[in-house]
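Quick notes on the structure that follows.
All of the numbers you see were taken from the coordinates with simple rules; none came from a lab. In this text, all values refer to a predicted model and were calculated from it rather than measured experimentally. Here Cβ is always computed from backbone atoms with ideal geometry, including for glycine, and neighbour counts include all displayed protein chains.
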């Protein structure tokens with residue numbers, strides 16, 4: 001089956017109601033906002049969202065009523081504070097109650113790494129003194145070599161991981177640079193992977209720099225060409241962080257009614273991500289586009 005699809009087609013075929021979805025795995029960069037807007041437009045529901053730091057992406061999905069459960073360490077707006085939709089859902093069940101499985105950034109990474117390695121858990125010494133260490137996602141175990149008490153982090157295996165990358169070929173072999181976060185761990189842990197990318201390139205481009213290939217194509221089910229698909233988060237080499245958009249969102253979502261207006265304007269009121277970018281305006285996009293080049297030193301791959 002062809003892997004290159006439209007974003008609408010990729011979400012329609014690979015994301016179903018009730019699935020667990022890992023997104024925003026590059027931490028504060030490479031967050032696939034275009035994909036989550038499409039999830040909202042298609043009214044996917046009962047999703048379990050997995051991510052260390054989703055910035056405001058998860059807050060939007062929660063406010064849209066798409067979310068049943070969170071496996072996360074923090075949900076909000078890095079520039080401004082906790083997400084208003086997240087607080088309304090957690091405290092008052094608005095627009096619906098959500099189940100919360102708490103982690104640290106590190107333990108989510110361990111859970112994904114365990115699944116990627118085919119293991120049921122990985123041990124750690126962290127979070128032992130925290131309140132959420134007593135959750136079902138952790139179990140106390142003893143090291144078979146030293147007897148030391150450790151905390152076992154249960155494997156986290158998403159049904160699908162949605163990841164934004166700089167470039168990929170038609171088969172999904174992807175180059176990524178900058179901050180990886182837990183992108184590779186999520187890709188190898190998930191049953192399916194959707195890539196949104198700034199560019200689709202020839203396979204020879206991927207082969208030209210093998211150390212930059214973070215995601216192998218054999219784990220990828222869909223490849224979507226979606227420039228600025230991580231906006232307002234940054235994609236190194238292609239787009240800067242849109243700080244104003246974060247502050248505007250935080251201010252515009254303080255009440256449920258205001259969030260619904262924001263959602264209508266930026267998500268339901270536009271056909272797709274290209275229409276969303278048109279709404280932002282070419283001048284704003286131009287200011288977010290890096291100018292010039294900052295190349296790394298050349299290397300030789302000769303033996």
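Take residue 295 and residue 12, extend 7 Å from each Cα along the Cα→Cβ direction, and tell me the distance between the two endpoints in nm.
4.3 nm
Cut-off is 10 Å between beta-carbons; in what order do 51, 143 appear when sorted fewest neighbours first?
Taking fewest neighbouring Cβ atoms as first place, the list is 143, 51.
What distance in nm separates the two pseudo spin-label positions at residue 100 and residue 257, each 7 Å out from Cα along the beta-carbon direction?
2.7 nm
Using a cut-off of under 15 Å, list every residue of the stretch 72-97 whose amide N is near the label point 7 Å from the Cα of residue 264 along the Cα-to-beta-carbon line.
Answer for this model: none.
Kindly list the residues of the stretch 196-230 that lie in the label zone of residue 275, defined by a backbone N under 19 Å from the point 7 Å along the Cα-to-C-beta vector.
Output list for this probe position: 225-230.
Sorted from largest to smallest, which semi-axis lengths in Å does the alpha carbon gyration tensor of the stretch 19-89 give for its equivalent ellipsoid, taking the root of 5 times each eigenvalue?
16, 13, 11
Calculate, in nm to one decimal, what residue 82 and residue 126 gain on full extension: separation in residues at 0.36 nm each, minus their alpha carbon distance.
13.5 nm
With only alpha-carbon atoms in the gyration tensor, what are the semi-axes of the equivalent ellipsoid for the stretch 127-175, in Å, largest first?
For the stretch 127-175, the semi-axes come out at 37, 14, 10 Å.
Measuring from the lowest to the highest alpha carbon on each principal axis, how far does the stretch 150-303 reach, largest first, in angstroms?
On the principal axes, the stretch 150-303 reaches 61, 47, 33 Å in Cα extent.
Against the globular-protein guess of 2.2 N^0.38 Å, express the Cα radius of gyration of the chain as a ratio, rounded to two decimals.
1.00
Can you pull the semi-axes for the stretch 46-193, root of five times each eigenvalue of the Cα gyration tensor, sorted largest first, whole Å?
Gyration-tensor ellipsoid for the stretch 46-193: 26, 23, 13 Å.
For residue 139 and residue 170 in one chain, what is 0.36 nm times their gap in residues minus the Cα-Cα distance, to one decimal in nm?
7.0 nm
Arranged by the count of other C-beta atoms within 10 angstrom, fewest first, what order do 86, 303 take?
Least crowded to most crowded, the residues run 303, 86.
Average the reciprocal distances over every distinct pair of alpha-carbons in the stretch 219-275, invert the result, and give the Kirkwood radius in Å.
13.2 Å
Looking at the chain as a GNM with Cα springs under 10 Å, which of 47, 279, 188 has the largest mean-square fluctuation?
In the Gaussian network model the winner is 279.
Out of 285, 40, 62, any idea which swings most in a Gaussian network model of the chain, alpha carbons joined below 10 Å?
Comparing 285, 40, 62 in the GNM, the peak value goes to 285.
Percent antiparallel among DSSP beta bridges with both residues in the chain, to the nearest 5?
Restricted to the chain, the bridges split so that about 35 percent are antiparallel.
With a 10 Å cut-off between alpha carbons and a GNM built on the chain, which of 142, 134, 191 moves the most?
Residue with maximal mean-square fluctuation among 142, 134, 191: 142.
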